[in-house]
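Written below as structure tokens is the structure these notes are about.
The values are calculated or read from the model by the stated rules, or taken from the named source; none is laboratory data. All of these numbers come straight from a predicted model, not from anything done at the bench. All Cβ positions, glycine included, derive from the backbone under ideal geometry; neighbour counts span all protein chains shown. We work out accessible area using only protein heavy atoms, side chains counted, and drop any ligands, DNA or RNA first. Shrake-Rupley method; radii C 1.70, N 1.55, O 1.52, S 1.80 Å.
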Amino acid sequence: MATNPPIDIPGTAGIFEVPKKITVLRLRWLVVIICSYLLITSQGTWLAPTSVHAFIFVYILSNIALYWVEDTLFDSSYFYSPLVIFDTIFVTASLVISGQVETDFYLVYFLIVILCTIWQDFRGLVVVAVLATLLYGFFLFRTTHQIVDPSIYLRIPFLFVISLFYGYFAQVVRVEKALKEKAEQEAQDMAMIQTLSQSLPSSLDYRQILETLGDKINHVVHADKFYIFTVNDAAHSSRGLLFGDEKAGEFSGKDVDLREYPTVQECLLKRSPVIQHNVHPKQLFPGEQASSENLVSPLFPTSIGVPITFRGEMHGVILLGFDQEDRLLSSREIEFCQIVAFATAIALSNAKKYEALQAEARRRQIIAEQLADANRLKSEYLASTSHELRTPIATIMGYGHLLGDGACGPLTQEQKKVMGRLMENARGLLAIVDALLDYSKIERGEASLLVKRDDVRPLLDQLQRELAPLENRKPFKVKYEVEEGVPIIQTDWAKLKSVLLNILSNAIKFTDQGEVRLSVVNAVNGNVSFVVSDSGIGIPKDLIPLIFDKFRQLDGSPARSYEGTGLGLTISKNLAELIGGKIEVESEVGKGSTFKVTIPVSTN
Amino acid sequence: MVVDDNPDIITIVKTILEGKGYNVLSAYSGPELLTCLEGQKPDLIVLDIMMPQMDGLEVLTRLKGAPDTSSIPVILLTAKVQYEDVLGGYKLGADYYITKPFTSTQLLNGINLLLGEGKS
């Protein structure tokens, strides 16, 4: 058996638990029995017994035939009308045939039928039917004052059954209708929310939102005046903006004090629709002297304020005014206004969030641009400083060379020694300037790669040659080793060389005894590591993460007494990253440091 | 002929070259050089890039653009040390490029290359 859709009408649950088809058939059996009884007991009055039997037989057959009718047909109200007409004719005919037709009885019969069709509550109907039949029975007995023919009393259960029968049909039709209307309304509401959310703009254009709303509301509710109050700040709903449609005098975004509008204020406080009748416009809009001239009627016969809320947040109030006298708003219309308000709230909420996001994005972009600007300026400043510094250094070194070469007369041994120190320091200064330039260049991303495939040996030879002067004053020489199986490497050798030069010269600088060693070893994932280990002063653990910072040398440590720019390691790190590598550091104070430069075997 | 806005550089270049027997004229800016060139034609010009009034590269372009002066070899002697600067200098027609700071050897090497050994 097909399951019927659940019918959610209050007060009828018990009755509708039984499927409709079964209920109809049972009720009809009752009618068949009662009618047959009426016909049989009054046999012979003016109809042949065979005709009576045939009549009863037809009715029984009709009910048996109903068992084969589809269940779904019993859910359709179109099926009930013919059935009710058929049964009405049949019952009336059986009354006529049985000779039980008397004026008073007929009246009660039709009264019940009429009540059943216009009364739309099944239980109330049954009560009325019972009362009517009882009353009828009572008066029947009172007026005759004698024991009447017992068959007359049969009319009483007959009336009751008939009332049940029609009452049931009336109820079914009513429920069908209610369900259909409800479904239609829900569909309408959904369509409304959909069209609203589609047509409401995603930007916070109040004017456009207002126009869209005005259209939708007028389409259904036909309001004469239409206003929206928007709340500036959900937490302090004292100030807001007022928008009105053309008929209301075009308040497009007037800044108002919402406390001056009692209806709006009440709406905001109660958070539910507020309906008022016969309100003076000045009471609704005390702040609007000019607007009252535009109002058609001095009184607003009806006004309704609906709060615009979404997730507990108050966005404003929609206010509708009706010029029409005794305009009563149906619950459906109020509900509609609430739906529109809800859709508006969603739109406003979205629009506000969107605006906030946009503002945040703009703010971040500005900050990012400022940072990029500052960074670019810094790099440019570094570059120009470096260039500017070169000229005086060139002068110092130029004169130094002239003096040293004896162009200004011969020098004593002592003077030559001083000149040597002078020139060495000038070269140190030049190294700082070069480092500044390199740094600014890398920061600006100008450094480009010059990739070549080669063995590591030539690199080690170059390093050895260039570092030789530094080794002069130390009691050790740098040891170079290459692990077996280190492949041919494709990389930017110049950059790799400056990274290693930097680290090695530091290692030599900060090591007074022991050794400095460069080992080239294979690393995981087809990488190659250049490990520079020394037995120098070492780096405190907590300072290791800081050594790659710009301009930082370890303050308070013996390192201060060593020369250095403090830029070297920062540049080394940047250069290593440029060729796809990284630098790792391990160190122990007093025992030495290990710098591991790991690069891929192949860089593009 | 040496052109630089820094008198010290001029002194140094002059000292180095005069020590080798060259006759050295000097100018402190691009326009001054161009005026000088109206009366005489030096064997070689040592030119700075970063100068007030007229940029050395602008001076170079004018020199190489004018038929009278286009044949004079030009050495750029500048604090602009980046690869692109050097390349840019050569592209504009410089004959040699020396970065500051410089040694007398670098300068003399350049001059010998352009003028030939021992010519004065």
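Roughly how many nanometres apart are two label points built 7 Å out from the Cα toward the Cβ at residue A:51 and residue B:58?
Placing both labels 7 Å beyond Cα along the Cβ direction yields 13.1 nm.
Rank these by accessible area, largest first, 1.4 Å probe: A:387, A:53. Display every interim value, and only then the final one.
Values: A:387 15, A:53 100 Å².
Sorted by accessible area, descending: A:53, A:387.
What average count of beta carbons from other chains do you get within 10 Å of the Cβ of residues in B:48-57? Walk me through the numbers on the way to the answer.
On the way: counts 1, 1, 5, 0, 0, 0, 0, 0, 0, 0.
The mean count of partner-chain Cβ atoms within 10 Å per residue comes to 1.
Show which lysines lie in cross-link reach of residue A:177 when reach means a straight Cα distance below 25 angstrom and same-chain residues fewer than eight apart are skipped.
Those lysines meeting the cut-off are A:20, A:21.
About the Cα centre of segment B:44-120, what is the dipole size in debye to 20, counting +1 per Lys and Arg Cβ and -1 per Asp and Glu Cβ, all else neutral?
Roughly 60 debye, rounded to the nearest 20.
Taking R0 as 41 Å, what FRET efficiency do you get between residue A:591 and residue A:453 from their Cβ-Cβ distance, rounded to the nearest 0.05?
Efficiency at R0 = 41 Å is approximately 0.65.
Along the three principal axes, how long is segment A:323-366 when you take its alpha carbons, biggest first, rounded to the nearest angstrom?
Cα extents, longest axis first: 58, 19, 5 Å.
Using only the Cα atoms of segment A:460-517, what semi-axes does the equivalent ellipsoid have when each is the square root of 5 times a gyration tensor eigenvalue? Give whole Å, largest first.
22, 13, 9
Under the rule a/c < 1.5 gives rounded, and otherwise a/b versus b/c splits prolate from oblate, where does segment A:346-503 land using the Cα gyration tensor?
oblate
Residue A:524 to residue A:335: extension gain in nm, 0.36 nm per residue of separation minus the Cα-Cα distance?
61.0 nm
What ranking of A:408, B:36 comes out by heavy-atom accessible area, probe 1.4 Å, highest first?
From most exposed to least exposed: A:408, B:36.
Work out the mean other chain Cβ neighbour count within 10 Å for the residues of A:389-397 and drop it here as an integer.
Average neighbour count from other chains, rounded to a whole number: 6.
Check the straight Cα-Cα distances from residue A:353 and name the lysines below 27 Å, setting aside those fewer than 8 residues away within the same chain.
Here the lysines satisfying the reach criterion relative to residue A:353 are A:216, A:254, A:270.
Which of the helices in chain B, when you take each full DSSP H run, stretch at least 24 Å along the axis at their Cα atoms and have an average Kyte-Doolittle score of -1.0 or higher?
On the way: long enough: none.
Helices passing the filter in chain B: none found.
Amide H of residue B:2: which non-local residues (sequence gap of 5 or more, or other chain) have their own amide H closer than 5 Å, using H built in the peptide plane?
Excluding prolines and chain starts, which carry no amide H, the hits are B:25, B:26, B:27, B:46.
If I take R0 = 41 Å and measure r between the Cβ atoms of residue A:89 and residue A:275 in this structure, what FRET efficiency does the formula 1/(1 + (r/R0)^6) give, to the nearest 0.05?
That gives a FRET efficiency of 0.25.
Once amide H atoms are placed 1.01 Å from N in the peptide plane, what residues at a sequence separation of 5 or more from residue A:482, or on another chain, have their amide H within under 5 Å of its amide H?
A:520
Tally Lys/Arg at +1 and Asp/Glu at -1 over every other residue whose Cβ is under 14 Å from the Cβ of residue A:391; what's the total?
Numbers: positive: A:390, B:80, B:100; negative: A:388, B:4, B:5, B:8, B:48.
So the environment of residue A:391 carries a net charge of -2.
Once the dipole of chain B is set up with Lys and Arg at +1 and Asp and Glu at -1 on Cβ about the Cα centre, which of B:86, B:15, B:110 lies farthest towards its positive end?
B:110
Residue by residue, what Karplus-based ³J(HN,Hα) values in Hz, rounded to whole numbers, does segment A:486-497 have, using 6.51, -1.76 and 1.60 with θ = phi - 60° and x for Gly and Pro?
In residue order, the calculated couplings are 6, x, 5, 10, 10, 7, 8, 5, 4, 5, 4, 5 Hz.
Which whole number gives the average, over all residues in A:362-374, of C-beta atoms from other chains lying within 10 Å of the residue C-beta?
0
Of all the Cα-Cα pairs you can form in chain B, what percent are over 26 Å apart?
Roughly 10 percent, rounded to a whole number.
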